[in-house]
1. Could you tell me what percent of the accessible area of the chain is made up of carbon and sulfur, with a 1.4 Å probe and every protein chain present?
2. Sum -39500 (n - 2.57) across every DSSP H segment of at least 4 residues in the chain, then divide by the residue count to get the 222 nm mean residue ellipticity, nearest 500.
3. If you count only protein heavy atoms with a 1.4 Å probe, what accessible area per residue comes out for the stretch 255-308, rounded to a whole Å²?
4. When ranked by the protection proxy of mean other Cβ atoms within 10 Å per residue, highest first, what sequence do the peptides 511-524, 475-488, 160-173, 373-386 form?
5. Which order do the peptides 90-96, 3-9 take when ranked by the mean count of other beta-carbon atoms within 10 Å per residue, highest first?
6. Under a Cβ-Cβ cut-off of 10 Å, what is the net charge of the residues other than GLU362 that fall near it, where Lys and Arg count +1 and Asp and Glu count -1?
7. Relative contact order (percent) for the chain, with alpha-carbon contacts under 8 angstrom and 6 or more residues of separation?
8. All other residues with a Cβ under 10 Å from the Cβ of SER25 taken together, and with Lys, Arg as +1 and Asp, Glu as -1, what is their net charge?
Amino acid sequence: MDRVDFLVVGGGIAGLSAAIRLAESGKVLVVTKEELAESNTAYAQGGIAVAMGGVEDVRLHLEDTVNAGDGLVNREAAQVLVEQGAMRVEELLAWGTGFDRSLKGEGGVAAGELLRTREGAHSLSRILHANGDATGREIAVSLLRHVKEIERIELLEWATTVDLLVEDGRVMGATLLDGEGGLRVVLARAVLLASGGAGQLYSDTTNPAVATGDGIAMAYRAGAEVSDMEFYQFHPTAFSMAGAPRFLMSEALRGEGAWLVNSRGERFMERYHSLLELAPRDVVARAITREGMDGEVYLDMRHVKSDLPERFPGISRFLGRYRLELGRDLIPVRPAAHYLMGGVRADVHGRTSLPGLFAAGEVACTGVHGANRLASNSLLEGLVFGALAAEAMVAQGAEVRARGAEGLAVADAVESAVSNQGVTGEAATERWIGELRALMWKDAGLLRDKVGLERAQRGLEALAVTMPRGMFRRGVEARNLHLVAGLIVAAALGREESRGAHFRNDFPERDAVGLHSVMMRGELRFVA
Ligand code: SIN
């Protein structure tokens, strides 16, 4: 049994941002399923949206965030996000994050100044980027460099967090499967879930393999409230070619002038939104799906004159593998699962409905994104809310220490973890996960209706019978995916309206008042 002051599950931007602050007040253990660099953070291409130009800039960023969220954004959370963003980004700069700067004073920007791009639903160019299209990786690398210098932070890679330990309604730690398959118990004054998203729920996703909704599943099993699970964002433009991965074709391509054209070569977005290719993501994703019913949809940059391989080196390298070039060829695209707006219900300080449990980043639902996240607000979310959660954990953690974290039902927790008798084989587990992902894509994806959602529900019930068994990483992930899929389907069935990323063919209108869905222990309710 290990004892630390703070346990952080996940090593993306939210987890590392928190760990840096937590280390000022105690010993921190950061646990990641693979190596630290492997998180949704590292895959973020386009950039980090931030208002660094004072009051008017902040006001506009707030309005854009609220407008994209389609009537469901928690304005207080969004205000905190956009106000504190600049301060946190300044810190990143001080830690050596190399955002791109103007070399020769191009585009009206003085030499040496930060370059900014624009993406969908932003009213101006406010998105910082790094190495062209590798912003997340640059931030992850610089945060890690900083974290590795802090002695009080221990990093445990290749370990799967299995479940939270709860005693008298308070979270006291977690059980982990280490890299050798051994079960470990970690006790902590406070636990932060910063475990990212759940893109692996869908057969088409831009997310890495680690994004299996573990934090949401663990929190829900422990009795925490989850919120807005029906709002899953599909990125409009993932690469679309048989046999190729759904590699992200960053929204920044459209920010730099890319058009969307259909198989007849028509630029079609004018039929869907006045902002054309820079409409909110949910609108663009649905438009591509509709146009894609008659053939391929493409990104077209043949009219864009700038040096595209230099501006988008990662995307250009990827396309080169398929003998395609931005600016020369049409690039086939289609939507793919990208970001979950819902998650563990939390306030801006990461406080969940369970004492001792905190959540920040994609795993959390503060309501900051409402029904549809504004492009490039997610790195900022992790940075700002990770830091705020750390402050709250230090405050609440002290309370627990005074009580004394003794007498835990650790033995029970370990017993229930290992009592999952029998082990499903690897191939069978992969097949089972594949079925779940296909079912979610077909019936709980971009366009939904009651018939399809009920079919998804029955499919999940059938999959429950053959649920993979045993204490191994893929088995744990399979069970987590199943639970999170059930939450999404239940919330999607309950929301009989269309709003943001949740579109019901049978209820295409938006209700007059936006309500949040909240689920706990099998009950669904809607609240203001
Ligand atoms: C992108 O580069 O298009 C992704 C940015 C985001 O998801 O906010």
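The values are calculated or read from the model by the stated rules, or taken from the named source; none is laboratory data. Predicted model only: the values in this text are computed from it and were never measured. For neighbour counting, all protein chains shown are included, and Cβ atoms are generated from backbone atoms with ideal geometry for every residue, glycine included. What goes into the accessible areas is simple: the full protein's heavy atoms, side chains included, and nothing from ligands, DNA or RNA. Shrake-Rupley method; radii C 1.70, N 1.55, O 1.52, S 1.80 Å.
1. 51 percent
2. -11500 deg cm²/dmol
3. 47 Å²
4. By packing density, highest mean first, the sequence is 373-386, 475-488, 160-173, 511-524.
5. Top to bottom by mean Cβ count within 10 Å: 3-9, 90-96.
6. 0
7. This gives 21 percent for the chain.
8. +1
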